2 protein chains.
Amino acid sequence: MSKTQEQYFELMELVRKQALLTSVGSVLGWDEQVNLPAGGAEHRGEQLALISGMTHDLATDPRIGELLSELESVSDLGEETSPEFVNVREARRHFDRDAKMPKKLVEELSRTGTLALHAWVKARQDKDFSEFQPWLEKMLNLKREEAAAIGFGDGVPYDALLDGYEPGATAAEIQATFEPLREELVKIVAAIAESPRKPDETILTRLYPEAAQKEFSIKAAAAIGFCFESGRLDIAAHPFCSGFGPGDCRLTTRYDEHHFPGAFFGTLHEAGHGIYEQGLNREAFGTAMGESVSLGIHESQSRMWENLVGRSRPFWEHFYESAQTTFPQSLGDVPLDDFCRAVNDVRPSFIRVEADEVTYNLHIMLRFELEQAMLSGDLTAADVPSVWNETFTRYFGITPPDDALGCLQDVHWSAGLFGYFPTYALGNMYAAQFFEQADADLGGLHEQFARGEFGPLKTWLNEKIHLQGQRFRAQRLVEEVTGKPLSHEPLLRHLHGRFDPLYEL
Amino acid sequence: MSKTQEQYFELMELVRKQALLTSVGSVLGWDEQVNLPAGGAEHRGEQLALISGMTHDLATDPRIGELLSELESVSDLGEETSPEFVNVREARRHFDRDAKMPKKLVEELSRTGTLALHAWVKARQDKDFSEFQPWLEKMLNLKREEAAAIGFGDGVPYDALLDGYEPGATAAEIQATFEPLREELVKIVAAIAESPRKPDETILTRLYPEAAQKEFSIKAAAAIGFCFESGRLDIAAHPFCSGFGPGDCRLTTRYDEHHFPGAFFGTLHEAGHGIYEQGLNREAFGTAMGESVSLGIHESQSRMWENLVGRSRPFWEHFYESAQTTFPQSLGDVPLDDFCRAVNDVRPSFIRVEADEVTYNLHIMLRFELEQAMLSGDLTAADVPSVWNETFTRYFGITPPDDALGCLQDVHWSAGLFGYFPTYALGNMYAAQFFEQADADLGGLHEQFARGEFGPLKTWLNEKIHLQGQRFRAQRLVEEVTGKPLSHEPLLRHLHGRFDPLYEL
């Protein structure tokens, strides 16, 4: 073994150990959401803090810096897309981000995050922004410090935070994609609002017994390719997917017996994330080549299975008979067309996580706009509620009656997750662009769905995206897979293709 | 703060960190038994190995040795039973045991344990001891190495292993207590066998729906004092209790719809362990003063609630009406007396974990006898099946038809747990001796049970045992609490008191 190989293997051992310890934290986090008795919250907080601290110690081990310097000075790591090159490149990226963060700032962010989260929960309950305002101010100051510590080249501080979720993306690029998308979305929303065709959405609030919902959700998640031999579906207040590592990926959902779409499309969404996790190269676990590209690419997988597949008519041509058998009292008398219309109901609403496919992206753009202004200092914490409401009214034509339905609805800012929101809308755009390409490559995805065949799409995603790990950054991956840079057009084509006929636009 | 205080606090920080990391391992272990999808086994093994290794590193940190030497050289730690003295004493005990174990041996034991466990599972399925024999030999060699590394003073190698579970106990002392107990137990078993009064145990194999069993088990566990705000009850193939730390204790059980006692008494048993865990001083978490004394004392708590309380007539005078309401089809026509007889059915059987209160201890003595002989070299692995069967026949009057019902039934030896078994029988003796004292102190426990009052006994146990942490070793604790050294007589009094009238002996 050459010296370079030895150094490379030593570095990989160190990064794998980090990933393994991080995955232990994931188990603790999952259990916290799914199983934790009320009395155990404090102790769980201490366990999580210990694992975070130990992970940070591993991540900033000076030996990693030494090995990186050695490896970067040689030229036999292969070409730019070789696993070795990619793994070293990403190890450098993480080491630099971690090493640039003063430990004091890391601890202060963690402590403030915990307290701000509590304050946010209460403020939201009380519908009283003023309780949260000082915490938002404090968090903004810390995030500005973080951005300064990490650095942002010629860009803006926001870029430094964004880069943590969507490596390589910049606010300016995202803005350029969002702008034309927003203009068109606002038009679609207005056209739908004027359409005389309204779905009967009460179909979906009839009685759907929990046990039957669970059975049907699992059946659909398994059919699209989530493997339950290597995963589970449990209940949590805030649905999520957590991939612990090879062979173990956990999905969660929540059941409302009088709201069918929540658990069902929620499960398809999380299963989409899970199929990505299960599709990663298990041999490469813990290295960049065995990890997902970015939050945006992750979201593209969940949104694709939830929306482009799960809300399509062909999907229900296959599944609707089974749905009627599972929920005979609620769906027995409902024609397939009515059901498809109901699960594709589009209308402005206040809560992002309950939004339809068209308005969802507007919710994201609003947040993107506000958090950029907050970071730059153009918008103070105190002015957030009024600016939120003005912007919301401009985008949606309705005004939130209180801050719980407005700027207090999301957990993200309390946890310091600035720069995270845009990845949701990026995910929708990536999803549409990937889907168009898959349809072209595989020929007639809709016909396949109608026959209950989801394997071809899943295998295509496995090969083109999941097994590539972090070989390419998101923007480059889109180009590699689709031959074109990211564009908002595939998403608009998808939305027009779906909603123009449904609403006779 | 004096220098001694500073050193003491530094030491406590180090031992608490160990305990916190160990508790992370407990979460992983619990989840492995309760939730793990089949595909996740390998990754979970790696997570557990990482946490074990990191815990071992913390436990053998030379700084602990330095602090201990400093603290032991001063005299202001207070008297022998002060928290400071006790915490330092036990930190020394652990540090010495851990430091004496060569890392290579620790790793070899871990690796062999995993492989031996797999071999044991298969050998037991195949009822073929020869598949397990080489692993038993290998494990015995490693355990002899371990005993030699730890040392055993004037005693025998077995003592070094026993000390890991029951600090301070020796094989000779246990032998001296077991001997007279065994003689009398054999007589009781024989007398019961000759009694014409036989319970109708078919009562307990009627249909007991799982959901109703769960509800009833939780009701009883809560009634005796297990707090579900700080704990849970889940399903696992092998029932256990795991205390993660303050406010979070997990019980598991398994349901057989045609066997009432399994889940019900199993839950009471685990709840007994859980009440101990929940009764520990939470401020002292991670230090000896916040930990349980020994496996034997732990088992005394579970066996007390399971047997001395849960199988008593007064317990059922309180609960039987509720049982009949919960299981009307199976118990509606069964008089209380018949039910009490059935749950106290005594008869020789092959499987330890299903044994009744009288024969159970004989199962333990058999294992104690054999594993001492194995450790000393008097019994080779190859001869274990024949010696097991001979001894079993001598104790029980029946001969196991195969090794799955004989020497392959327990997981312990495959996992290297030599010296563990006696703690089960010690637990039964401790339980009876504590119970006699509690009855004397509190006056008429049975009358209290009949009224559904379990709080006085629980509070007594909290004060006398749980909140004492490791202030006293087990033998000393028994003397402190009951005024007398451990004796087999309270257990015999309990067994005669219960079974003489039931079987009209």
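The values are calculated or read from the model by the stated rules, or taken from the named source; none is laboratory data. Keep in mind that this is a model prediction, so the values were computed, not measured. We place every Cβ from the backbone using ideal geometry, glycine too, and count neighbours over all the protein chains shown.
A few comments on the model shown:
- Condition check for B:D128: modelled with pLDDT under 90, more than 24 Å from the chain's Cα centre (by Cα) and away from chain A (no Cβ under 14 Å): no
- Enumeration of residues in the range A:231-258 that are over 13 Å from A:V24 (Cα atoms), within 11 Å of another protein chain (Cβ to nearest Cβ) and in contact (Cβ under 8 Å) with a residue 40 or more places away in the chain: A:G231, A:D234, A:R250
- Single unsatisfied condition, B:T252 versus (1) crowded, with 22+ Cβ neighbours inside 10 Å; (2) outside any helix (DSSP H, G or I); (3) under 19 Å from the mean Cα position of the chain (by Cα): (1)
- Test: residue in the range A:92-115 that is part of a helix (DSSP H, G or I), farther than 27 Å from A:D159 by Cβ, modelled with pLDDT under 95 and among the hydrophobic types (A, V, I, L, M, F, W, C): yes
- Condition met for B:M429 (under 23 Å from B:D126 (Cβ atoms), touching a helix residue (DSSP H, G or I) at 6+ places or on another chain (Cβ under 9 Å) and part of a helix (DSSP H, G or I)): no
- Single condition B:Q437 does not satisfy, out of (1) over 20 Å from the mean Cα position of the chain (by Cα); (2) part of a helix (DSSP H, G or I); (3) more than 30 Å from B:K458 (Cβ to Cβ): (3)
- Long-range neighbours under 9 Å by Cβ, at least six apart or interchain, first residue assigned by TED's automatic domain parsing to the domain that holds B:G53 and in contact (Cβ under 8 Å) with a residue 60 or more places away in the chain within the range B:83-105, second among the aromatic types (F, W, Y) and part of a helix (DSSP H, G or I): B:E84/B:Y8; B:N87/B:Y8; B:V88/B:Y8
- A:H238, sole failed condition from (1) of a type outside the set (D, E); (2) modelled with pLDDT of 95 or more; (3) over 22 Å from A:L331 (Cα atoms): (2)
- Condition check for B:L14: under 27 Å from the mean Cα position of the chain (by Cα), part of a helix (DSSP H, G or I) and within 14 Å of chain A (Cβ to nearest Cβ): no
- Considering B:E277, B:E291, B:E283, the condition of being free of Cβ contacts under 8 Å to residues at least 12 places away in the same chain and over 30 Å from B:S330 (Cα atoms) is satisfied by B:E283 alone.
- Filter result for A:S322 (surrounded by fewer than 17 Cβ atoms within 10 Å (Cβ to Cβ) and closer than 22 Å to A:E270 by Cα): yes
- The set of residues in the range B:19-43 being part of a helix (DSSP H, G or I), without any contact (Cβ under 8 Å) to a residue 24 or more places away in the chain and either more than 7 Å from every other protein chain (Cβ to nearest Cβ) or hydrophobic (A, V, I, L, M, F, W, C) (or both) consists of B:L28, B:E32, B:A38, B:A41.
- Boolean, A:A49 is within 14 Å of chain B (Cβ to nearest Cβ), in a helix (DSSP H, G or I) and surrounded by fewer than 17 Cβ atoms within 10 Å (Cβ to Cβ): yes
- Residue count for the range B:116-141 under the criterion of being touching a Gly at 6+ places or on another chain (Cβ under 8 Å) and either free of Cβ contacts under 8 Å to residues at least 60 places away in the same chain or outside any helix (DSSP H, G or I) (or both): the result is 0.
- In summary, A:T393 fulfils each of the numbered conditions (1) under 30 Å from A:P199 (Cβ atoms); (2) touching a residue at least 24 places away in the same chain (Cβ under 8 Å); (3) of a type in the set (S, T, N, Q); (4) assigned to a helix (DSSP H, G or I) with the single exception of condition (2).
- Sole exception among (1) under 21 Å from A:W30 (Cβ atoms); (2) in contact with a Gly (Cβ under 8 Å, 6 or more places away or on another chain); (3) within 14 Å of chain B (Cβ to nearest Cβ) for A:A284, by number: (1)
For every residue, the table says whether it meets (1) under 30 Å from A:G155 (Cα atoms); (2) of a type in the set (G, A, S); (3) crowded, with 21+ Cβ neighbours inside 10 Å.
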{"position": "A:A176", "(1), (2), (3)": "yes, yes, no"}
{"position": "A:L185", "(1), (2), (3)": "yes, no, yes"}
{"position": "A:A191", "(1), (2), (3)": "no, yes, no"}
{"position": "A:K198", "(1), (2), (3)": "no, no, no"}
{"position": "A:I203", "(1), (2), (3)": "no, no, no"}
{"position": "A:S217", "(1), (2), (3)": "no, yes, yes"}
{"position": "A:A220", "(1), (2), (3)": "no, yes, yes"}
{"position": "A:E257", "(1), (2), (3)": "no, no, no"}
{"position": "A:E270", "(1), (2), (3)": "no, no, yes"}
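- Answer from B:E70, B:E80 - the residue that is outside any helix (DSSP H, G or I), away from chain A (no Cβ under 14 Å) and among the charged types (D, E, K, R): B:E80
- Spans of helices (runs of 4 or more DSSP H) in the range A:142-227 with at least 3 residues farther than 24 Å from A:F339 by Cα: A:157-165, A:171-194
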